[in-house]
Amino acid sequence: MNISFTLRSVNTLLTTIIVLHFVLFTSSATAQDLHFTQFNAAPTSINPGYAGAAEQARAVSLYRSQWANLPQAYTGFHFAYDRPLFNQNGGIGVLVSHEEAGAGALRSSRIAFQYAYEFKVGPRTYVRPALQAGLVSKSVNLSELTFMDQLIRQDASTTLEDGIMSGKQYTDLGTGVLMVSRGFWLGASADHLNRPNSSLSNNYIERLDVRFSAHGGGRIPLLRGPRAKSAKDVVVAFNYTKQGNIDQFDIGTYYDLDFMTLGVWYRGIPLLQKAADESIDVDALSFIFGFGTNVWHIGYSYDITLSKLGTMSSGGSHELSLKYMWDVARKHTQSKSPPCVQY
């Protein structure tokens with residue numbers, strides 16, 4: 001039998017292998033949600049307890065292009081809106097996210113609604129338990145994939161493979177709690193509590209592992225008063241995430257001014273564990289730059305890949321954030337410290 005492989009056939013086959021790895025063969029122990037470097041710009045994405053904590057209405061969008069030099073790279077878009085309730089006893093929020101892998105062949109979209117209740121436990125110290133409920137739509141564009149049987153059959157237009165659904169929907173539940181005080185914040189959250197089946201195969205069940213997160217930080221004022229031309233703070237923050245057998249630790253610091261933010265983040269757990277290939281578990285070093293006012297903020301971050309994949313091969317990861325905030329409360333209370341860095 002004469003089999004000819006064109007460049008397009010090879011590229012589409014590689015795309016198919018990458019996509020099917022996530023659609024069919026990714027076990028629950030290795031499946032992991034897309035991670036944003038600038039999650040502090042949209043903190044409700046990691047904990048619904050942040051909903052309404054800023055004491056203003058907040059609209060944030062995040063766009064991420066991961067490993068830009070690789071073929072069929074991953075992209076993600078995230079939109080978050082939250083605001084305090086009129087009685088100042090909590091907040092509500094909504095999340096909309098969309099992720100694509102393999103030139104859009106594999107897509108996942110989610111909309112989630114959040115509610116946080118706030119109660120005071122000490123002088124300017126508040127605890128905010130919260131709930132989250134959402135709907136996820138997952139799909140794969142089979143026309144963008146090429147299976148081996150199509151190549152063998154002289155680039156046939158359809159495949160003989162069966163058992164793959166083009167799309168499905170499922171509910172997704174989460175919860176979280178946040179403590180906010182004058183100079184620090186500390187929170188924990190759990191997503192995918194109902195462990196939904198996210199597989200697009202009729203013959204395979206892939207239940208999402210619960211994603212646990214512990215996060216917090218502190219804000220240290222450096223300069224205040226009439227002699228200061230602008231407020232200057234140093235912010236130290238961290239986020240630990242575990243999903244199945246995969247965990248991740250982010251720690252970073254910002255130099256935060258009223259009009260500009262400079263930050264650096266490190267991702268990895270080099271001293272406590274090794275990566276899957278037994279190498280030192282170092283993932284990325286991220287640099288963040290942001291500027292704006294009390295109303296709007298723009299942020300950009302670039303991740304330098306430190307793992308064996310390398311920045312030259314992966315191209316690193318780019319991320320852009322846009323934030324807009326405005327007053328909505330009917331009455332004002334004593335202001336709490338910002339529960340995250342503003343950039």
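Key figures for this structure:
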{"quantity": "THR261 long-range amide H proximity, modeled H, under 5 Å", "calculated": "GLY290, PHE291"}
{"quantity": "Local electrostatic count, PHE287, Cβ distance below 14 Å [Lys/Arg +1, Asp/Glu -1]", "calculated": "-2"}
{"quantity": "Length gained when the stretch ASN202-VAL282 is fully extended (0.36 nm per residue, less Cα-Cα span)", "calculated": "25.1 nm"}
{"quantity": "Exposure proxy order (Cβ contacts within 10 Å, fewest to most) of SER201, SER108", "calculated": "SER201, SER108"}
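Quick note: the coordinates plus some simple rules give every number you see, no bench work behind them. Predicted model only: the values in this text are computed from it and were never measured. As a convention, Cβ positions derive from the backbone with ideal geometry for all residues, glycine included, and neighbour counts pool all protein chains shown.
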